[in-house]
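Chemist: Below you'll find the structure I mean.
Bear in mind these aren't lab numbers, they're just calculated from the coordinates by the rules spelled out. Treat the numbers as computed from the prediction; the structure is a model and nothing was measured. A quick note on method: Cβ atoms are made from the backbone with ideal geometry, for glycine too, and the neighbour counts reach across all protein chains shown.
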Amino acid sequence: MIKRLLPLFAFLALAVLLAGGVLRNSGKDNSAIPSPLIGKPAPAFSLPVLGDPSRRVGNADLLGQPYLLNVWGSWCPACRDEHPVITDLAASGAVRVIGYDYKDAPEDAQRWLQQFGNPYQLVITDEDGRAALDWGIYGAPESFLVDAQGVVRWKFVGPITPEVVRDQLMPELEKLK
Amino acid sequence: MKRLLFALALLLACAAAAAMEPIKFNDDAEEARFRALSAELRCVMCQNQSLADSNAQIAHDLRLQVLTLMREGKTDREIKDYLVARYSDFVLYSPPVRPSTWLLWFGPGVMLLGGAVVVVLVVRKRAGTAPAAPPADESQEW
């Protein structure tokens with residue numbers, strides 16, 4: 001009897017294993033690459049400011065308070081989905097939001113901000129995407145939380161949702177206090 | 001829905017075989033080294049393609065960066081370290097052996113070994129229980 005049921009047991013064990021794998025990974029973005037920068041100082045950069053290209057902003061200029069570096073581009077449809085969430089976050093005053101205009105023409109970026117509103121305290125521009133390589137940026141939107149000392153604390157790949165703000169960003173900000 | 005849109009955007013970014021200027025190599029040796037190196041690196045955007053195969057914009061940028069580093073006289077090792085420091089082990093098709101990758105490296109071997117043990121056990125059991133009936137006629141094979 002037991003022997004007859006053996007294949008069934010083997011099948012059940014396999015089913016449990018596979019179901020476990022599926023459950024463990026569902027609702028998670030498996031294409032997001034974990035950033036090796038977490039816990040390390042933000043990469044050195046010096047990039048022009050959108051709307052005022054003669055002015056450059058670097059790491060040292062942003063020290064003193066945590067900031068969220070939000071990578072976006074006027075060419076990026078998911079950034080448009082994310083935009084209201086970023087706007088609410090910036091308005092809440094929970095953290096400074098710095099825009100990182102990635103591989104974009106400044107005119108297009110400015111038009112985009114005029115159309116949808118500008119939630120950013122400051123937008124730095126990386127037209128050729130060279131500085132982005134040092135951040136490990138590979139698309140938009142992406143967001144980095146950098147603390148007052150300039151250490152990268154958290155990274156999120158893809159559009160930030162209110163759930164992500166509540167469940168991930170806010171607890172990270174709490175830890176910085 | 002947003003997740004879906006995002007995935008779609010990624011897909012489009014991958015599929016967009018945008019008119020990207022081909023790389024000009026100084027000589028054949030450089031081209032051969034570049035091709036070998038970029039085939040060993042994984043595109044961060046389209047993770048089932050190598051850096052050499054991918055049409056994603058970021059893959060193009062990273063290829064140019066790899067070439068720039070090559071021309072600066074960096075070794076293959078140094079170029080890989082440069083990418084790993086920014087994009088993690090994901091960029092390597094052959095990740096280093098460390099506790100977090102043990103399952104990846106040794107998992108298949110362990111499974112094979114487990115299978116072998118099961119086969120041996122089953123064969124032994126059968127050998128013990130099956131009646132050792134010799135074929136009636138030696139010349140008749142089956």
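Chemist: As a footprinting exposure proxy, order A:Asp101, A:Asp128, A:Asp61 by other Cβ within 10 Å, with the fewest listed first.
Modeler: A:Asp128, A:Asp61, A:Asp101
Chemist: Could you pull out which residues in the stretch A:135-157 have an amide N less than 18 Å from a spot 7 Å beyond the Cα of A:Leu63, following the Cα-Cβ vector?
Modeler: A:146-153
Chemist: Computed from the mean reciprocal separation of all distinct C-alpha pairs, what Kirkwood hydrodynamic radius does chain A have, in Å?
Modeler: One over the average 1/r among Cα pairs gives 17.9 Å for chain A.
Chemist: Let me ask something else about it. Anyone know which of A:Val97, A:Val164, A:Val146 comes out most mobile in the 10 Å Cα GNM of chain A?
Modeler: The residue that fluctuates most here is A:Val164.
Chemist: Taking only C-alpha pairs under 8 Å that are 6+ residues apart, what is the relative contact order of chain A in percent?
Modeler: Values: 257 pairs, mean separation 48.0, N = 177.
Here the relative contact order equals 27 percent.
Chemist: Moving on. Within a Cβ distance under 15 Å of B:Ala29, other residues only, what is the Lys/Arg minus Asp/Glu net charge?
Modeler: -1
Chemist: Using the count of nearby Cβ atoms within 10 Å as a rough guide to exposure, how do B:Met70, A:Met170, B:Met111 rank from fewest to most?
Modeler: Result, fewest neighbours first: B:Met111, A:Met170, B:Met70.
Chemist: Fully extended, how many nm does the chain gain between A:Val22 and A:Lys175 (0.36 nm per residue separation, minus their Cα-Cα distance)?
Modeler: 52.0 nm
Chemist: Continuing with the same structure: Need the C-alpha centroid separation for the stretch A:76-123 versus the stretch B:65-130, integer Å.
Modeler: Answer, in whole Å: 41.
Chemist: If you don't mind, there's one more thing I want to ask. Count the net charge of all other residues whose Cβ sits under 11 Å from the Cβ of A:Ile33, scoring Lys and Arg as +1 and Asp and Glu as -1. All intermediate terms of the calculation are to be shown ahead of the outcome.
Modeler: Working: positive: A:Lys155, B:Arg42, B:Arg86; negative: A:Asp29, A:Glu142, B:Asp89.
Once positives and negatives cancel, what remains is 0.
Chemist: Just name one of A:Gln115, B:Leu113, A:Leu145: the one whose Cα is farthest towards the positive end of the charge dipole of the protein assembly as shown (beta-carbon charges, Lys/Arg +1, Asp/Glu -1).
Modeler: B:Leu113
Chemist: May I ask you to give the average projected area over all directions of the convex hull of the Cα atoms of the protein assembly as shown, in nm² rounded to one decimal?
Modeler: Averaging across all directions leaves 26.9 nm² for the Cα convex hull.
Chemist: So, in nm, how far is label B:Ser50 from label A:Ala13 when the simple model puts each one 7 Å beyond its Cα toward the Cβ?
Modeler: Simple spin-label model gives 3.8 nm for this pair.
Chemist: Modelled label-to-label distance, A:Lys3 and A:Asn118, 7 Å Cα→beta-carbon offset: nm?
Modeler: Going by the 7 Å Cα→Cβ label model, 8.1 nm.
Chemist: Mind checking the dipole of the stretch A:30-176: about its Cα centre, +1 per Lys or Arg Cβ, -1 per Asp or Glu Cβ, Debye to the nearest 20? Display every interim value, and only then the final one.
Modeler: Working: 12 positive and 19 negative charges, 58 e Å.
My answer is approximately 280 debye.
Chemist: Identify which of A:Val165, A:Val71, A:Val157 has the largest mean-square fluctuation in a Gaussian network model of chain A, with springs joining Cα atoms closer than 10 Å.
Modeler: Answer for the Gaussian network model of chain A: A:Val165.
Chemist: A further question on this structure: Could you tally the net charge around A:Arg130, taking each other residue with its Cβ under 15 Å from the Cβ of A:Arg130, Lys/Arg +1 and Asp/Glu -1?
Modeler: Surrounding charge for A:Arg130 is -4.
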